[in-house]
Amino acid sequence: MNAPSTPQTDKMLSKKEGSVGYVIFNNPERHNAVSLDMWQAAGKMLDEFRNDNNIKVVVVTGNGGKAFVSGADISRFEKERSSEDAVAHYNKVVEQSYAAFHEFPKPTIAMIRGYCIGGGMGLATCCDLRIATEGSKFAVPAAKLGLGYAYPGLKRLVDIVGPSFAMEIFYTARQFTAAEALGMGLVNRVLPDDKLESYVKEYADTISGNAPLTIRAVKAVVSEMMKDESKRDLKRAQDAVDACFKSRDYEEGRKAFMEKRKPVFTGS
């Protein structure tokens, strides 16, 4: 395991384990509530992992054992969100951060233990997969704070759980259990607390062993599919598919199948 890299703030950590990169929210005394500098540091970590060809999957999680991310750090609102201009700046930075996770070209997994609240749920919906412990809790308490929720974040949630469940989450502003989240399709898997890390690591390693171009193509096609029809780039989607068939990995996959061995993919 490589040592964690040094970000702009000690409230964010990153590390690499083989082909898996980790983005870790490290504010456990506040249940990993997020401030502006934390969002900015997270974006820099993603840039590093995007440019590292050895990293195939990114896992997003929180430190401390009690929370994934509990949302915005309300104690910083007076400093970061007290005026109209400050709110506009804050919202711009946060949405850019969400977009960086949502549009990240490699697979992303939200590893959730404990509270996944507000902006934390927004972050989880930006990831491709969400794997949670049985004791995790999910909520968007915007209606208890008088906050507006913009189109991009709502659309990401609706794309995952559908409009009716999304409205229930917002209308009630209550906490949902992991079992309820699984029933809504908000999370992919629910596990006992002591199984989470090993399961996610094995899951990420399984993904890492598959053909990167195939995974990239699937992510590209699904990404275009989820856009408004007028904004879809179908050429981009088809180019990603064509790249698979033109690759050495496609040849390797066929040979490995015929030779009854595990393929060794290079992403080329």
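Just a few scattered comments:
- Of all residues in the stretch 183-209, those satisfying the criterion of being among the acidic types (Asp, Glu) and either assigned to a loop (DSSP other than H, G, I, E, B) or farther than 30 Å from VAL158 by Cβ (or both) are ASP194, GLU197, GLU202, ASP205.
- Filter result (of a type in the set (Phe, Trp, Tyr) and either in contact (Cβ under 8 Å) with a residue 60 or more places away in the chain or not in a helix (DSSP H, G or I) (or both)) within the stretch 163-180: PHE176
- Residue selected from the stretch 150-162 under the condition part of a helix (DSSP H, G or I) and within 14 Å of GLY183 (Cα to Cα), by the criterion least open to solvent (accessible area, probe 1.4 Å): VAL161
- TYR98 vs. criteria open to solvent by 10 Å² or more (accessible area, probe 1.4 Å) and free of Cβ contacts under 8 Å to residues at least 60 places away in the same chain: yes
- Taking every residue in the stretch 235-256 that is open to solvent by 100 Å² or more (accessible area, probe 1.4 Å) and pairing it with any residue that is at pLDDT below 95, at least 6 positions away or on another chain, the pairs with Cβ-Cβ distances below 6 Å are ARG248/SER268.
- Failed item in (1) modelled with pLDDT of 95 or more; (2) farther than 22 Å from VAL190 by Cβ; (3) in contact with an Asp or Glu (Cβ under 7 Å, 6 or more places away or on another chain), with GLY135 passing the rest: (2)
- For the stretch 41-90, the tally of residues that are at pLDDT 90 or above, outside any strand (DSSP E or B) and not acidic (Asp, Glu) stands at 17.
- Among the residues of the stretch 204-225, not one is charged (D, E, K, R) and buried (at least 19 other Cβ atoms within 10 Å of the Cβ).
- Candidates are the residues of the stretch 160-193 that are of a type in the set (D, E, K, R) and closer than 16 Å to TYR115 by Cβ; the one that is farthest from the chain's Cα centre (by Cα) is ARG174.
- Qualifying positions in the stretch 114-149 - open to solvent by less than 40 Å² (accessible area, probe 1.4 Å), in a loop (DSSP other than H, G, I, E, B) and farther than 23 Å from ALA237 by Cβ: GLY114, GLY118, SER136, VAL140, PRO141
- Looking across the stretch 51-73, just one residue is of a type in the set (D, E, K, R), under 24 Å from THR266 (Cα atoms) and touching a helix residue (DSSP H, G or I) at 6+ places or on another chain (Cβ under 9 Å), and that is LYS56.
The values are calculated or read from the model by the stated rules, or taken from the named source; none is laboratory data. This structure is a prediction, so every number in the text was calculated from the model and none was measured. All Cβ positions, even for glycine, are placed from backbone atoms using ideal geometry, and neighbour counts span all protein chains on display. Accessible surface is based on the protein model in full, side chains and every heavy atom, while ligands, DNA and RNA are left aside. Shrake-Rupley method; radii C 1.70, N 1.55, O 1.52, S 1.80 Å.
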